[in-house]
Amino acid sequence: MKKVFVLTVVASVLASARTVIAVPVVPNFTQGAMQSNTETTSTVTETINSMNYDTGYQLVITGTNVEMDATSISPTANITTTNSIEGVTSTWTGLDLSTKPNFTIKSPGGSFQYTESYSGPGLKTQTIIQRVTEIQSVTSTTSQFSN
């Protein structure tokens, strides 16, 4: 009998319980807008260093009504020079101009012409370009929505 009573009480409790129903949640807006602004500034600094080297030498001697006091026009090539610029070291051999022949006028009192030029090895030109570039970027975004 006790079992029947317990079953009757449980059945009556379950029969009188309310049912719960879930309802979906939906946003309730009619319109809106969103705006975003992003600004970026970048600075780029560049240094361009260009070095031009001659690796040989050139000796030019010309003239009229002149004569030299030696058997060879070529001086001795034994002058070694070392140069270091911004971490770049260079070594080259040039002419010893103290060993070049001497020239004199062949017919004194007459017209003459004499030209001598020497271009030795080594750094000929160095160009340094420095520039600063500033880059600005602006992005604006607007989003509008309505139902």
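Every read-out reported here was derived from the displayed coordinates using simple, explicitly stated rules and does not represent laboratory data. Keep in mind it's a predicted model, so treat the numbers as computed, not measured. Cβ atoms come from the backbone with ideal geometry, glycine included; neighbour counts cover every protein chain shown.
Net length available on complete extension from residue 50 to residue 22 is 2.4 nm, with 0.36 nm assigned per residue and the Cα-Cα distance removed. Computed extension gain for residue 73 through residue 134, at 0.36 nm per residue and net of the alpha carbon distance, reaches 16.2 nm.
What is the sum of charges, Lys and Arg at +1 and Asp and Glu at -1, for the other residues whose Cβ falls under 14 Å from the Cβ of residue 135? Don't jump to the answer; show the numbers that get you there.
Working: positive: 131; negative: 39, 46, 134.
Cβ neighbours under 14 Å give a net charge of -2.
So for 21, 61, fewest C-beta neighbours within 10 Å to most, what's the order?
On the way: 21 5, 61 15.
Ranking 21, 61 by Cβ neighbours within 10 Å, fewest first, gives 21, 61.
I want to make sure I understand the PRE zone here: with the label point 7 angstrom from the Cα of residue 114 toward its beta carbon, which residues in segment 44-85 have backbone N atoms less than 14 Å away? Residues passing the 14 Å test: 61-70. Calculate the FRET efficiency for residue 125 and residue 36 from the Cβ-Cβ distance with a Förster distance of 41 Å, rounded to the nearest 0.05. Efficiency computed from Cβ-Cβ geometry: 0.20. Counted by Cβ distance under 15 Å from residue 61, the other residues give a net charge of -1, where Lys and Arg count +1 and Asp and Glu count -1.
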